[in-house]
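Colleague: Please see the structure below; I have some questions.
The values are calculated or read from the model by the stated rules, or taken from the named source; none is laboratory data. For clarity, every value in this text was computed on a predicted model and none was experimentally measured. Positions of Cβ are generated from backbone atoms using ideal geometry, with glycine treated the same way; all protein chains shown enter the neighbour counts.
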Amino acid sequence: MVVAEFSVTPVVGENLRPYVDAAIEVVKRSGLNYEVDAMSTTLEGELDQVLDVIKKAHRAVMGVGAGRVLTEIRIDERETGVSMEEELEGYRAAI
């Protein structure tokens, strides 16, 4: 199990929402545990599944007309496994 944070950034004009919505729709349909925030999306799953979803999200943004797309990915993988909830547990308890 891995936790991955990624952002798909279309290099287009001011209105990014239709492009970002296309990427988020791919994530929703994936069935993986995810969390969307203001700057990125965090996914949890097996490495191959997560990478496949990120690739599809990237392609979805290209598919709705972005002529150029930049995708950034950070992956946390441990021998013992990791979950989003475990990563955030201490922080959420403090809030």
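Colleague: Select from the stretch 67-95 the residues that are hydrophobic (A, V, I, L, M, F, W, C) and over 18 Å from the mean Cα position of the chain (by Cα) and write down the one among them that is farthest from LYS28 (Cα to Cα).
Modeller: For the stretch 67-95, the residue satisfying everything is ALA94.
Colleague: Please work out if LEU70 is under 30 Å from PRO18 (Cβ atoms), out of contact with any Pro (no Cβ under 9 Å at 6 or more places or on another chain) and either of a type in the set (Val, Ile, Thr) or exposed (fewer than 15 other Cβ atoms within 10 Å of the Cβ) (or both).
Modeller: no
Colleague: Could you tell me how many of the residues in the stretch 21-39 are under 17 Å from GLU72 (Cα atoms) and either touching a Phe, Trp or Tyr at 6+ places or on another chain (Cβ under 6 Å) or crowded, with 18+ Cβ neighbours inside 10 Å (or both)?
Modeller: 5
Colleague: Let me ask something additional. Right, ILE54: hydrophobic (A, V, I, L, M, F, W, C), out of contact with any helix residue (DSSP H, G or I) (no Cβ under 6 Å at 6 or more places or on another chain) and buried (at least 18 other Cβ atoms within 10 Å of the Cβ) or not?
Modeller: In short, yes.
Colleague: A follow-up question, please. If you check GLU72, GLU25, GLU89, which single one turns out to be modelled with pLDDT under 95 and of a type outside the set (Lys, Arg)?
Modeller: From the options GLU72, GLU25, GLU89, the qualifying one is GLU89.
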